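All remarks here apply to the structure that follows.
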Amino acid sequence: MTEEALLELTKKKNTSSPNDRIKELYARLSTQQRDFLGLQLSQALDFSSLAPFLNIHLNNLGDPFVSNCATLNTREMECEVLDHFAGLWHAPGRVPLDPDSYWGFLLTMGATEGNLYALWNARDYLAGDPLMHGGSGEKNRVPVLFYSEDTHYSITKCTRLLQLETFHKLGNGLYPGLCPITKDGRWPDGIPSCDGSIDPKHLAALVDFFVARGYPPIVFLNVGTSFKGAYDDVESVWQALLPVFERHGLRIRATENERQDYWVHIDGALGAGYLPHLEKAKALGLTEERVPIFDFRLPYVSSIVTSAHKWFGAPFPSGVFMTREKYRLNPCAQAQYVVTPDSTLASSRNGLSALILWYAINNSVGDTPARVASRCARLADYATRRLEKIREWHPGFWVKRASASLAVRFPTPRSEIFERFGLSADGGASHIFIMPHVTRSMVDALAEALSAPNAFEGCV
Ligand SMILES: Cc1ncc(COP(=O)(O)O)c(C=O)c1O
């Protein structure tokens with residue numbers, strides 16, 4: 001905050017009533033929302049009819065499928081929402097003791113919470129901790145995490161919190177100078193990707209290196225990266241990994257008595273919400289866009305996470321974690337005062353999330369979600385072509401869009417434009433995300449602003 005803005009805020013705090021401050025805040029945020037193009041956050045929200053629920057504390061403490069005495073909850077809606085996602089992601093329906101049945105819960109944070117939980121589950125599963133349906137597995141193994149250079153920065157928080165070994169950390173610590181994918185043997189921070197999608201050959205070479213030394217792999221894949229909105233090609237990754245696993249004798253499928261020797265996690269913060277609807281749009285002939293498959297149709301996918309506030313839209317962070325019964329660990333915590341085991345991460349969980357998502361899903365039925373997805377895909381294509389015209393005014397201007405991505409990237413403009421459109425930047429590049437609230441006229445307004453002679457500080 002600048003010194004000027006700080007002075008202004010102090011003045012306001014001293015002179016305005018709480019009511020005036022709320023009005024002023026609402027007006028400012030509404031203005032910002034009108035032009036908001038930057039982060040992958042849908043602003044297509046209409047939850048006013050749920051306002052009465054703001055006066056009830058809603059808490060979905062504990063496992064969504066096990067009742068407990070925290071009665072002010074929306075677990076009924078939560079289970080329906082989870083069933084809906086199981087359908088979207090082609091998971092078998094919920095049958096509690098069936099090893100292939102899905103299990104999951106709604107998150108109180110966003111994808112970060114889900115990724116943290118997935119990695120915790122993956123680490124302890126591969127390290128042989130007792131399962132919910134079954135005993136302990138092979139002990140004393142150290143799982144290693146693999147992820148691309150385009151992975152969301154929160155991966156670092158997750159690995160630190162969980163003290164999880166990564167190929168980078170373990171490589172630097174025990175095998176300096178031996179990285180099999182670099183000329184000088186140095187270990188990169190993330191696995192190289194091509195326009196945002198992980199390079200399967202590099203991934204396989206790294207996995208080979210560690211599996212040969214006895215480390216079971218956790219493979220973390222992105223379905224919609226944070227900046228480029230790119231998709232890791234999950235099927236190509238598996239084709240590259242399978243021969244490595246077979247060569248080293250890894251167990252490919254969990255059975256009743258034996259675990260599998262790897263974990264594939266899908267961070268679908270945006271893509272796991274968007275792609276199922278785009279796939280439906282393609283089946284309806286509404287789009288020609290490429291639709292990568294990432295979900296439980298692929299038997300090697302162990303867990304999926306999405307942020308509900310990204311594609312679906314919610315007035316606060318929320319999301320979905322899903323896995324299968326057979327991968328679940330024995331809950332390490334007993335929620336004593338509600339007398340059930342707590343198999344989730346947070347204790348109190350946001351009951352409004354379930355209500356909001358249930359409402360959003362039930363008010364967008366039939367072909368509507370597919371039509372929204374195909375409209376966004378078309379608009380992303382339009383935005384790319386529209387912004388390319390800016391070269392007429394700024395010859396050094398460039399535009400990039402990864403295959404089937406909702407993100408369009410271009411050089412970072414002056415701060416006034418950057419702030420007006422709520423852009424976000426990585427180095428010298430900015431992006432917009434074509435989310436359900438974005439319209440052609442918003443894209444045109446941005447294009448017009450970027451065409452101005454003084455739109456860029458550098459020599460674009
Ligand atoms: C790929 C990816 N993973 C994780 C996250 C973190 O999600 P959240 O902010 O919902 O915790 C993001 C956020 O943009 C993301 O793009």
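The values are calculated or read from the model by the stated rules, or taken from the named source; none is laboratory data. Note that this is a predicted model, so its numbers are computed, not measured. Cβ sites come from the backbone with ideal geometry, for glycine too, and all protein chains shown count toward neighbours.
If I ask for residues that are assigned to a helix (DSSP H, G or I) and crowded, with 17+ Cβ neighbours inside 10 Å, which ones from the range 418-446 would you list?
Once the filter is applied, which keeps residues that are assigned to a helix (DSSP H, G or I) and crowded, with 17+ Cβ neighbours inside 10 Å, the range 418-446 yields Arg420, Met442, Val443, Leu446.
Look through Leu131, Leu174, Leu162 and report the one residue that is within 16 Å of the ligand (Cβ to nearest atom) and hydrophobic (A, V, I, L, M, F, W, C).
Result: Leu162 is the single residue among Leu131, Leu174, Leu162 that is within 16 Å of the ligand (Cβ to nearest atom) and hydrophobic (A, V, I, L, M, F, W, C).
Given the criteria within 23 Å of Ala205 (Cβ to Cβ), without any contact (Cβ under 8 Å) to a residue 12 or more places away in the chain and either in contact with a Cys (Cβ under 6 Å, 6 or more places away or on another chain) or not hydroxyl-bearing (Ser, Thr, Tyr) (or both), does Gly173 qualify?
yes
Being assigned to a helix (DSSP H, G or I) and either basic (Lys, Arg) or surrounded by 10 or more Cβ atoms within 10 Å (Cβ to Cβ) (or both) is the filter here; which residues of the range 11-26 pass it?
Lys11, Lys12, Lys13, Asp20, Arg21, Ile22, Lys23, Glu24, Leu25, Tyr26
May I ask you to say which residue of Leu39, Leu82, Leu88 is within 16 Å of the ligand (Cβ to nearest atom), surrounded by 14 or more Cβ atoms within 10 Å (Cβ to Cβ) and under 19 Å from the mean Cα position of the chain (by Cα)?
Result: Leu39 is the single residue among Leu39, Leu82, Leu88 that is within 16 Å of the ligand (Cβ to nearest atom), surrounded by 14 or more Cβ atoms within 10 Å (Cβ to Cβ) and under 19 Å from the mean Cα position of the chain (by Cα).
Residue by residue, here is whether (1) surrounded by fewer than 19 Cβ atoms within 10 Å (Cβ to Cβ); (2) in contact (Cβ under 8 Å) with a residue 12 or more places away in the chain holds:
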{"site": "Thr182", "(1), (2)": "yes, no"}
{"site": "Lys201", "(1), (2)": "yes, yes"}
{"site": "Val211", "(1), (2)": "no, yes"}
{"site": "Ala230", "(1), (2)": "no, yes"}
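Of (1) closer than 28 Å to Leu58 by Cβ; (2) buried (at least 20 other Cβ atoms within 10 Å of the Cβ); (3) of a type outside the set (Lys, Arg), Pro341 satisfies all except one. Which?
(2)
From the set of residues in the range 42-58 that are farther than 22 Å from Thr306 by Cβ and either touching a Ser or Thr at 6+ places or on another chain (Cβ under 8 Å) or among the aliphatic types (A, V, I, L, M) (or both), which is surrounded by the most Cβ atoms within 10 Å (Cβ to Cβ)?
Ile56
Taking the range 293-312 as the region of interest, how many residues are more than 9 Å from the ligand (Cβ to nearest atom) and touching a Phe, Trp or Tyr at 6+ places or on another chain (Cβ under 9 Å)?
Residues in the range 293-312 being more than 9 Å from the ligand (Cβ to nearest atom) and touching a Phe, Trp or Tyr at 6+ places or on another chain (Cβ under 9 Å): 11 in total.
Only one of (1) within 16 Å of the ligand (Cβ to nearest atom); (2) touching a helix residue (DSSP H, G or I) at 6+ places or on another chain (Cβ under 8 Å) is not met by Tyr215, so which one is it?
That leaves (1) as the condition not met.
Condition (residue is within 16 Å of the ligand (Cβ to nearest atom) and touching a His at 6+ places or on another chain (Cβ under 9 Å)) applied to the range 282-292: is it met by at least one residue?
no
All but one of (1) away from the ligand (no atom under 16 Å from the Cβ); (2) touching a residue at least 12 places away in the same chain (Cβ under 8 Å) hold for Leu116, so report the exception by its number.
Exception for Leu116: condition (1).
From the list Leu286, Leu270, exactly one residue is in contact (Cβ under 8 Å) with a residue 12 or more places away in the chain, outside the structural domain of Ala407 (by TED's automatic domain parsing), buried (at least 23 other Cβ atoms within 10 Å of the Cβ) and more than 18 Å from Asn121 (Cβ to Cβ). Which is it?
Leu270
Checking Leu450 against (1) among the aliphatic types (A, V, I, L, M); (2) within 17 Å of Leu39 (Cα to Cα); (3) touching a helix residue (DSSP H, G or I) at 6+ places or on another chain (Cβ under 6 Å), only one condition comes out false. Which one?
(2)
When the residues of the range 59-79 are filtered to those that are part of a helix (DSSP H, G or I) and not basic (Lys, Arg), which remaining residue is surrounded by the fewest Cβ atoms within 10 Å (Cβ to Cβ)?
Glu76
List the number of the failed condition for Pro276; all other conditions in (1) of a type outside the set (A, V, I, L, M, F, W, C); (2) in contact with a Lys or Arg (Cβ under 9 Å, 6 or more places away or on another chain); (3) away from the ligand (no atom under 16 Å from the Cβ); (4) over 21 Å from Val219 (Cα atoms) hold.
Pro276 satisfies every listed condition except (2).
Specify which of the listed residues (Thr31, Thr2, Thr15) is of a type in the set (Val, Ile, Thr) and closer than 30 Å to Thr225 by Cβ.
Step by step, each of Thr31, Thr2, Thr15 is checked, and only Thr31 is of a type in the set (Val, Ile, Thr) and closer than 30 Å to Thr225 by Cβ.
Looking at the range 267-286, is at least one residue farther than 30 Å from Met435 by Cβ and among the aliphatic types (A, V, I, L, M)?
No, there is no match, as no residue in the range 267-286 is farther than 30 Å from Met435 by Cβ and among the aliphatic types (A, V, I, L, M).
Of the numbered conditions (1) at pLDDT 95 or above; (2) surrounded by fewer than 23 Cβ atoms within 10 Å (Cβ to Cβ); (3) of a type in the set (Val, Ile, Thr), Thr306 satisfies every one except a single condition; which is it?
All conditions pass for Thr306, except number (2).
Looking at Asp100, is it acidic (Asp, Glu) and surrounded by 18 or more Cβ atoms within 10 Å (Cβ to Cβ)?
The answer is no for Asp100.
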